[in-house]
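To start, the structure itself, in structure tokens.
The values are calculated or read from the model by the stated rules, or taken from the named source; none is laboratory data. Keep in mind it's a predicted model, so treat the numbers as computed, not measured. Here the Cβ is made from the backbone with ideal geometry for all residues, glycine too, and neighbour counts use every protein chain on show. These area figures cover heavy atoms from the full protein model, side chains too; ligands, DNA and RNA do not enter into them. Shrake-Rupley method; radii C 1.70, N 1.55, O 1.52, S 1.80 Å.
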Amino acid sequence: MKLTLHERSEILLQRRIQGLNSRETINFIFMGDSRGRGPEDNCFTMSGEFENVLKKAVELDPLFIIHGGDTVFTGEIAYLQHFVDVVERIAPHIPMFVCVGNHDELFLLESNLKNFQSTIGEVHWVIDIPQVDFRCIALNNVHSPVNATYGFTDAELNYLERRLRKSPRNTTLAMHAQPNIGDWTGGFPVDSPDGQRFFDLIQKYCVKKVLVSHLHGYDEQFIRKNNDGTFTLGRGTDFVLTGGAGAELDFEHKLILNDFNFVEFFVNQHHISGPILWKDFGTPRRACL
């Protein structure tokens, strides 16, 4: 029986962390929004840019890669499986863990997680690297891919709280949609009850980084929820947004970078450093695989 991308990645990660000790520093990559269009995209390749992004990421030899979702344009099994095939060809020894995005879930104008689960794998996952006191928790904040509605159900936030109760020092979250704040729109509302509770949880448990995608570029905002429910920008939790792994670029939002990109982080037992921004990957080759 063929393994899903997630199952394969869990096996690879366990092999790669063997022998790690508490004095070491690890690196990992975060990227998002590849949006391969399958047979519509030149002989069933990915977008071309994604291959270049992934090849550069592999050169950095990260311990693992996190993908923030929207791997493909539509969640048809053939598209999702092709994404898996490309990843396994270009990065055969690197674990990749994927958040579910609205396009991954959208198939025939319906919400369909079964195709994602049968090819990419788990919707909820946790990466634990105890040697460097690191944990990454994946969330699904896509309410409706058809209506472009994002946020958190009570069940999702209850799951998050359970996972955060014994948080290591370097705890991060990864999810697809960003909060609607500052120059970011089209994500989840921060003034809703679930948005307020989300921020209460990440601040209570001192989450270091929140990794998001969805907008096709690069940006970063530090966000703090105040006691009265308002927000202060420039202080608080570090939200890092990258959606530049191949999807059509976003020029409507005022972002730090409206170009193809990914980010790299370094983690030791005491802290997470980064993001380090990588861009300029050259002209893609669009030949058939």
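Brief remarks on what is shown
- Look at (1) in contact with a Gly (Cβ under 9 Å, 6 or more places away or on another chain); (2) at positive phi and you find that H253 fails only one, number (2).
- Exclusive hit being within 18 Å of the chain's Cα centre (by Cα), of a type outside the set (K, R) and open to solvent by 50 Å² or more (accessible area, probe 1.4 Å), set H103, H93, H143: H143
- Scanning the range 78-90 for residues that are surrounded by 24 or more Cβ atoms within 10 Å (Cβ to Cβ) and more than 19 Å from L113 (Cα to Cα) yields one hit, V87.
- Residues (farther than 19 Å from H176 by Cβ, under 17 Å from the mean Cα position of the chain (by Cα) and among the hydrophobic types (A, V, I, L, M, F, W, C)) located in the range 60-90: L63
- Members of the range 20-42 found to be in a loop (DSSP other than H, G, I, E, B), modelled with pLDDT under 95 and open to solvent by 70 Å² or more (accessible area, probe 1.4 Å), listed by number: R23, R37
- Hits in the range 142-182 - residues which are within 17 Å of V207 (Cα to Cα), modelled with pLDDT of 95 or more and polar (S, T, N, Q): N158, N170, T171, T172, Q178
- Subset of the range 107-163 (residues that are part of a helix (DSSP H, G or I), farther than 23 Å from P95 by Cβ and of a type in the set (S, T, N, Q)): N158
- Entry remark, the range 48-76: residues being assigned to a loop (DSSP other than H, G, I, E, B) and among the hydrophobic types (A, V, I, L, M, F, W, C) number 3 in total.
So that you can scan it fast, the table gives a plain yes or no per residue for (1) part of a loop (DSSP other than H, G, I, E, B); (2) over 30 Å from V58 (Cβ atoms):
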position: D200; (1), (2): no, yes
position: C206; (1), (2): yes, yes
position: N227; (1), (2): yes, yes
position: F251; (1), (2): yes, no
position: V263; (1), (2): no, no
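- Inside the range 115-140, residues that are at positive phi and open to solvent by 20 Å² or more (accessible area, probe 1.4 Å) make up a count of 1.
- Only listed residue being among the polar types (S, T, N, Q), crowded, with 18+ Cβ neighbours inside 10 Å and touching a residue at least 60 places away in the same chain (Cβ under 8 Å), chosen from T242, T185: T242
- Any chance F281 is assigned to a loop (DSSP other than H, G, I, E, B), closer than 21 Å to V87 by Cβ and either at pLDDT below 95 or out of contact with any helix residue (DSSP H, G or I) (no Cβ under 9 Å at 6 or more places or on another chain) (or both): yes
- Failed condition for L5, given (1) open to solvent by 30 Å² or more (accessible area, probe 1.4 Å); (2) within 18 Å of the chain's Cα centre (by Cα): (1)
- Check on R135, free of Cβ contacts under 8 Å to residues at least 40 places away in the same chain and either under 16 Å from G244 (Cβ atoms) or charged (D, E, K, R) (or both): yes
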